[in-house]
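Data block below; observations after.
The values are calculated or read from the model by the stated rules, or taken from the named source; none is laboratory data. Computed from a prediction, not measured in an experiment: that's the story for all the values here. Neighbour counts are summed over all protein chains in view; Cβ atoms, including those assigned to glycine, are modelled from backbone coordinates with ideal geometry. We work out accessible area using only protein heavy atoms, side chains counted, and drop any ligands, DNA or RNA first. Shrake-Rupley method; radii C 1.70, N 1.55, O 1.52, S 1.80 Å.
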Amino acid sequence: MKTKKLIIDEREKKYLIKKDLNNFGNDLGVIDLENVEEGTAITSHNNHTFYIVEPTVYDIVKKMRRSVTTLLPKDIGMILTYCGIEDGETVVEAGTGSGALTIYLANAVGKNGKVITYEKRPEFAKIARKNLEIVGAVKKNQKIIGLEEDENEKNENETSNNDKHNGLYNVIQKIGDITEGIEEKDVDVIVLDMPDPWNVVEHAKNSLNKAKGRIAIYVPYIEQAKKSVDALKEHGFLDIQTVECIVRNIEITEKGARPSTRMIGHTGYITIARVRPK
Ligand SMILES: C[S@@+](CC[C@H](N)C(=O)[O-])C[C@H]1O[C@@H](n2cnc3c(N)ncnc32)[C@H](O)[C@@H]1O
């Protein structure tokens, strides 16, 4: 269960607020949210309409706090679909960053699956934990494996008092440098969004389930994609393909419809492959 609700005002400006907040106000007036269910339209004290709805994961990711740039939905969509990530699977990811990709991976594998996410910078892992909490992918202040002990002790106490939401809770966060090794075995999918993924390919080969293990690598530069593909070939991976996804927004107005004059020209290259059975 998500810990936020979404308010959309009549200009379609969006506000993500805490679920238990009882009132809200902006320049269009003040609304009383006590006992107001999501899926309701209410009028402010000065007669403007506000819609109270449940945020999607997309709404939350767009507004969440960032430590580093997150992957865009178009690239996340390609990773999920080209890898064919399914309910119940075990995914290992690095680096966690702000946790945007982690959130979608957690949703894809569902309650029966799990995502183990490695991040080498503790301060980033803590920001990601807050984002993961909002969508119910981790419990409030859930232990991050490898984080300083005294911090975790404090967190565990808070967990017992504050954890009243019923979420997926299928993400395990770890502090660690994934180029030094992957502890998990029999992993279904490994997803890498980090500067030197080629240094993880050998570990990935040893951790992936031989029946259906897949890997996805996202990198912004073509030279990185080439180095990654070379490493995958060296370690015998099958079905290697590299893709780029370009999205054009379409503006539809009274005058006509045409692609938006502004667009994101480039984000990154995605390489997908399957581990070779022994
Ligand atoms: C581009 S960000 C990932 C963004 C993330 N996919 C998201 O959507 O929010 C890359 C992250 O990888 C982490 N990182 C880099 N090298 C790493 C390594 N060897 N092991 C673990 N994390 C690493 C960085 O600290 C950074 O947080």
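Averaged per residue, what accessible area in Å² does the stretch 38-83 show with a 1.4 Å probe, protein chains only?
Details: 2470 Å² over 46 residues.
Per-residue accessible area for the stretch 38-83 comes out at 54 Å².
Would you work out what percent of the accessible area of the stretch 4-55, with all protein chains in place, is carbon or sulfur (probe 1.4 Å)? Intermediate results must be reported in sequence, preceding the final value.
Numbers: 1340 of 3140 Å².
Taking all protein chains in place, the stretch 4-55 shows 43 percent carbon and sulfur surface.
Can you tell me the relative contact order of the stretch 4-55? Whole percent, Cα pairs under 8 Å, sequence separation 6 or more.
Numbers: 100 pairs, mean separation 20.6, N = 52.
That works out to 40 percent.
In the chain, what percentage of the DSSP-assigned beta bridges are antiparallel, given to the nearest 5? Spell out each step's value before the answer.
Working: 30 of 51 bridges.
Of all bridge pairs located within the chain, approximately 60 percent are antiparallel.
Say a paramagnetic label sat at a point 7 Å from the Cα of MET1, along Cα to Cβ; which residues of the stretch 101-120 have their backbone N under 20 Å from it?
Label zone hits: 107, 110-112.
Pairing the Cα long axis of helix 222-234 with the longest principal axis of the chain, what angle in degrees results, from 0 to 90 and rounded to the nearest 10?
So the inclination is approximately 50 degrees.
Which one of GLY39, GLY113, GLY95 has the biggest mean-square fluctuation once the chain is modelled by GNM with Cα springs under 10 Å?
GLY39
What 222 nm value per residue comes from the helices of the chain, counting each DSSP H run with n ≥ 4 as -39,500 (n - 2.57) and dividing by all residues, nearest 500 deg cm²/dmol? Working shown, then result.
Numbers: 7 runs with 75 residues, N = 278.
Counting only the DSSP helices, I get -8000 deg cm²/dmol.
Within the stretch 40-72, what residues put their amide N at less than 12 Å from the label point 7 Å along the Cα-to-Cβ vector of ARG121?
Residues passing the 12 Å test: 66-70.
Stretch ASN47-TYR221 to full length: gain in nm at 0.36 nm per residue minus the Cα-Cα span? Don't skip to the answer; put the middle values down first.
Values: separation 174, 0.36 × 174 = 62.64 nm, distance 5.16 nm.
Roughly 57.5 nm would be gained on extension.
For the pair ILE250 and TYR82, how long in nm is the line joining their label points, each one 7 Å along Cα→Cβ?
About 2.4 nm, to one decimal.
Pick from THR179, THR242, THR253: which is most flexible by mean-square fluctuation in a GNM of the chain where alpha carbon atoms under 10 Å apart are linked?
Highest fluctuation of the listed residues: THR253.
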